[in-house]
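The values are calculated or read from the model by the stated rules, or taken from the named source; none is laboratory data. Keep in mind that what you see is a predicted model, and the values were worked out from it rather than measured. Don't worry about glycine lacking a Cβ; one is built from the backbone with ideal geometry, like all the others, and counts go over all protein chains shown. Heads up: the accessible areas ignore ligands, DNA and RNA and are worked out on the full protein's heavy atoms, side chains in. Shrake-Rupley method; radii C 1.70, N 1.55, O 1.52, S 1.80 Å.
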Amino acid sequence: MNEKGMLYLCATPIGNLEDITLRVLRILREVDLIVAEDTRQTIKLLNHFEINKPLTSYHEHNKIEKGKYIVEQLKQGKNVALVSDAGTPAVSDPGEDLVALCIENEIGITSLPGPVAAITGLIISGLPTGRFCFEGFLTVNKRNRKEHLEGVRDDTRTLIFYEAPHKLNNTLKDMLEVFGDRRIALARELTKRYEEVFRGTITQAIDRFEENLPKGEFVVIIEGADKEKIKAEQQQQWEEMSVQDHIDLYVNQGMDRKEVLRKVAKDRGVSKREIYALQLESKKENK
Ligand code: SAM
């Protein structure tokens, strides 16, 4: 029986063709089959580097049957390279399913690093890079989009999103509503001739792009939540709540009684003894 082939995850440029690595070029020339998200896009890259190899598509709408075909090729000993339209495959594209399928089928995979729009945008944003969270694309559905944003509102890490230009203005308005007027960077057409980075607040970004409709591809980078502000808001929320309601909140979550008193005392920045006393007092008042 043939030895199985290898799946090579090949990062390709996000605009500037000089960003392809020597290793990716060698592997694309050596493999038996190249799998691309959009073959029309990839053929331009291959023609530029004079690479002539069998090419097949693998995308959201054919990934089930194509996945089986690709695994079959790999099992027969063929080596396969997976490329995305731009950047690193399996980042916000169906490549992740092919990787999972190959792991299931015990096929060897190796990753050839290179450009990724999220990181290229983050490092030029001027926002903190120490801790960040990649959130990918937001959905088109307004309610789900809001839910997604609300889910990361209290995250203190820098947030990175991908966004299509025609949706950018609405997304910025939703972001302002959910996050407040935080610092933002919009990295457009990275590595290309009209590369541009807008840095400012969300309100300034809305003003800027309402006048000049956004064009090209964008990475949106937003500063994380302010820890101190969240703490102060939370503190205010506890203070506005009666001790009994605060206790009931955790009891209703199924928390152990002893643990509840400890947690309530910690939340309110007082001792457990004080919580007992306040609880007794409110019980007396309610009699
Ligand atoms: N796999 C890719 C990667 O490694 O970044 C991303 C693919 S995703 C389908 C495409 C999105 O990436 C675009 O909608 C845009 O948000 C972002 N993107 C790709 N190229 C870009 C560029 N040159 N400048 C800014 N954003 C880019």
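The set of residues in the range 173-220 being within 9 Å of the ligand (Cβ to nearest atom) and either open to solvent by 20 Å² or more (accessible area, probe 1.4 Å) or on the phi > 0 side of the Ramachandran plot (or both) consists of ARG188, GLU189, THR191, LYS192, GLU195, GLY216, GLU217.
Quick grid of which residues meet (1) open to solvent by 10 Å² or more (accessible area, probe 1.4 Å); (2) at pLDDT 95 or above; (3) away from the ligand (no atom under 14 Å from the Cβ); (4) of a type outside the set (Lys, Arg):
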site	(1), (2), (3), (4)
LEU122	no, yes, no, yes
LEU127	yes, yes, yes, yes
PHE134	yes, yes, no, yes
LYS142	yes, no, yes, no
LYS146	yes, no, yes, no
GLY151	yes, yes, yes, yes
ARG157	yes, yes, yes, no
PHE161	no, yes, no, yes
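Among residues of the range 156-180 that are closer than 20 Å to LEU190 by Cα, those with a beta-carbon under 7 Å from a residue that is assigned to a helix (DSSP H, G or I) and open to solvent by 40 Å² or more (accessible area, probe 1.4 Å) at least six positions away or on a different chain give the pairs ASN169/GLU210.
Here GLU217 meets each of (1) outside the structural domain of LEU168 (by TED's automatic domain parsing); (2) within 26 Å of the chain's Cα centre (by Cα) with one exception, condition (1). When you scan the range 163-172, how many residues do you find that are aliphatic (A, V, I, L, M) and surrounded by fewer than 18 Cβ atoms within 10 Å (Cβ to Cβ)? So the answer is 1.
Report yes if some residue within the range 53-76 is outside the structural domain of ARG157 (by TED's automatic domain parsing), over 21 Å from ILE14 (Cα atoms) and within 15 Å of the ligand (Cβ to nearest atom); otherwise report no. Checking the range 53-76: at least one residue is outside the structural domain of ARG157 (by TED's automatic domain parsing), over 21 Å from ILE14 (Cα atoms) and within 15 Å of the ligand (Cβ to nearest atom). Taken as a whole, the range 90-102 holds no residue that is open to solvent by 30 Å² or more (accessible area, probe 1.4 Å), modelled with pLDDT of 95 or more and of a type in the set (Ser, Thr, Tyr). Kindly establish whether ASN47 is out of contact with any Lys or Arg (no Cβ under 6 Å at 6 or more places or on another chain), open to solvent by 40 Å² or more (accessible area, probe 1.4 Å) and in contact (Cβ under 8 Å) with a residue 60 or more places away in the chain. Criteria not met by ASN47. Scanning the range 10-41 for residues that are away from the ligand (no atom under 13 Å from the Cβ) and among the polar types (S, T, N, Q), we see that the one that is farthest from GLY108 (Cα to Cα) is THR39. If I filter the range 19-39 for residues that are without any contact (Cβ under 8 Å) to a residue 24 or more places away in the chain, of a type in the set (Lys, Arg) and assigned to a helix (DSSP H, G or I), do I get at least one hit? Yes, there is a match, as at least one residue in the range 19-39 is without any contact (Cβ under 8 Å) to a residue 24 or more places away in the chain, of a type in the set (Lys, Arg) and assigned to a helix (DSSP H, G or I). Regarding the range 237-254, can at least one residue be identified that is without any contact (Cβ under 8 Å) to a residue 40 or more places away in the chain, open to solvent by less than 90 Å² (accessible area, probe 1.4 Å) and in the same structural domain as THR129 (by TED's automatic domain parsing)? Looking through the range 237-254, none of the residues is without any contact (Cβ under 8 Å) to a residue 40 or more places away in the chain, open to solvent by less than 90 Å² (accessible area, probe 1.4 Å) and in the same structural domain as THR129 (by TED's automatic domain parsing).
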